[in-house]
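The values are calculated or read from the model by the stated rules, or taken from the named source; none is laboratory data. Computed from a predicted structure; not experimentally measured. Cβ placement follows ideal geometry from the backbone for every residue including glycine, while neighbour counts extend to all protein chains displayed. Each accessible area value is taken on the protein alone, full model and side chains, heavy atoms only, with ligands, DNA and RNA left out. Shrake-Rupley method; radii C 1.70, N 1.55, O 1.52, S 1.80 Å.
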Amino acid sequence: MITLRTLEPAANVLAFYAGRIPGESFSCEPNWVDDGAISLGTASYAIIDGDEALVYDTHVSVDTARQIRAILEQRGVKNITVVLSHWHLDHVAGNEAFADCEIISNARTLQHLLENKAGIEDGSFHGAPTIMPLILPNRTFSGEMDFVLGNSRLKFIEANIHSDDATLIWMEDQKILFAGDTMEDTITYVGEPENFDIHLSDLDRLWALHPLSILPNHGHPDVITSGGYGKSLIRAQQQYIRSLRRCASEPELASQPLRHLISGPLEAGWVNYFEPYEQVHAQNLKRVGANI
């Protein structure tokens, strides 16, 4: 059983955070929830306007998603719309709790979920726990989509960062960027190194928005509580991606400790060191074919 904490990074914005509690885990058996989410710390978000709410990702299980829905209903929310940041399991596992709501994703997210639905439901895709049934998005978009939530105007932005089906939410009035897994603290998790050039270009596109606050799904709870990250988090991700790409052909760089590789962003306070990201970095090195 995991503890779900409710954080309030901005007015009418809630973060539902789990993980980074010593000794706490989803299960004592091997599982993708602990490996990819709880060990790093994970959040989903809700934007509230009157009796309406937009839920950004449905968290790691139906149980946590039901807790999120109950919290929103206790605050007077009657109408909920869900937006999925991308198709990875720790972002869609709670969809069943919102099966009666509109669930929005970009078209690529729906495609990935459809292609892997059988394996996700029977556990053959990524192991336990299964997501049965996997509730699919019932509305899709491509590129960008404007959305009105009460008196709030939002924009959904499709990008290829971390995965080729990322969706970010831009609150222009407050200049808040909900980043999903496109950015993380300490480092980004690399799924598709062949798309590094696109990742870097799309990060430049996000930089041009000039966000005052960035809220990632995997970050430090204290930073999220205090209002989120500055836009320098974008540059931290780019610096790491460029260094990681160099590691493929520079064994001496690949053998450097993670703290050294990202010493600039760490010293500048753009990101914070969190030891479990050492394993993420080791996996990233393998994905880019680094020889160490």
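Overview of results
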read-out: Filtered residues of region 34-61 (kept if open to solvent by 10 Å² or more (accessible area, probe 1.4 Å) and among the hydroxyl-bearing types (Ser, Thr, Tyr)); value: 39, 61
read-out: Count of region 89-100 residues which are more than 19 Å from residue 27 (Cα to Cα), open to solvent by 10 Å² or more (accessible area, probe 1.4 Å) and in contact (Cβ under 8 Å) with a residue 24 or more places away in the chain; value: 3
read-out: Region 129-162, residues that are in a strand (DSSP E or B), over 28 Å from residue 197 (Cβ atoms) and of a type in the set (A, V, I, L, M, F, W, C); value: 147, 148, 149, 154
read-out: Answer residue from region 78-88, given it is outside any strand (DSSP E or B) and under 25 Å from residue 35 (Cβ atoms) and is most open to solvent (accessible area, probe 1.4 Å) among those; value: 88
read-out: Helices (runs of 4 or more DSSP H) fully within region 233-292 counting 1 or more residues that are open to solvent by 60 Å² or more (accessible area, probe 1.4 Å) and under 19 Å from residue 162 (Cβ atoms); value: 277-287
read-out: Given (1) basic (Lys, Arg); (2) out of contact with any Pro (no Cβ under 8 Å at 6 or more places or on another chain); (3) in contact (Cβ under 8 Å) with a residue 12 or more places away in the chain, index of the condition residue 246 fails; value: (3)
read-out: Breaking point among (1) in contact (Cβ under 8 Å) with a residue 60 or more places away in the chain; (2) closer than 21 Å to residue 18 by Cα, for residue 288; value: (2)
read-out: Any hit, region 17-39, residues being within 24 Å of residue 174 (Cβ to Cβ) and modelled with pLDDT of 95 or more; value: yes
read-out: Subset of region 10-31 (residues that are within 18 Å of the chain's Cα centre (by Cα) and buried (at least 21 other Cβ atoms within 10 Å of the Cβ)); value: 13, 14, 15, 16, 17, 18, 19
read-out: Cβ pairs under 8 Å, 6+ apart, first in region 58-76 and at negative phi and among the aliphatic types (A, V, I, L, M), second part of a helix (DSSP H, G or I) and open to solvent by less than 10 Å² (accessible area, probe 1.4 Å); value: 60/33; 60/37; 60/38; 65/95; 65/98
read-out: Residues of region 131-153 classified as farther than 17 Å from residue 88 by Cβ and open to solvent by less than 10 Å² (accessible area, probe 1.4 Å), total; value: 1
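A quick yes/no check of all residues on (1) under 19 Å from the mean Cα position of the chain (by Cα); (2) hydroxyl-bearing (Ser, Thr, Tyr):
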{"position": "61", "(1), (2)": "yes, yes"}
{"position": "64", "(1), (2)": "yes, yes"}
{"position": "72", "(1), (2)": "no, no"}
{"position": "78", "(1), (2)": "no, no"}
{"position": "86", "(1), (2)": "yes, no"}
{"position": "89", "(1), (2)": "yes, no"}
{"position": "94", "(1), (2)": "yes, no"}
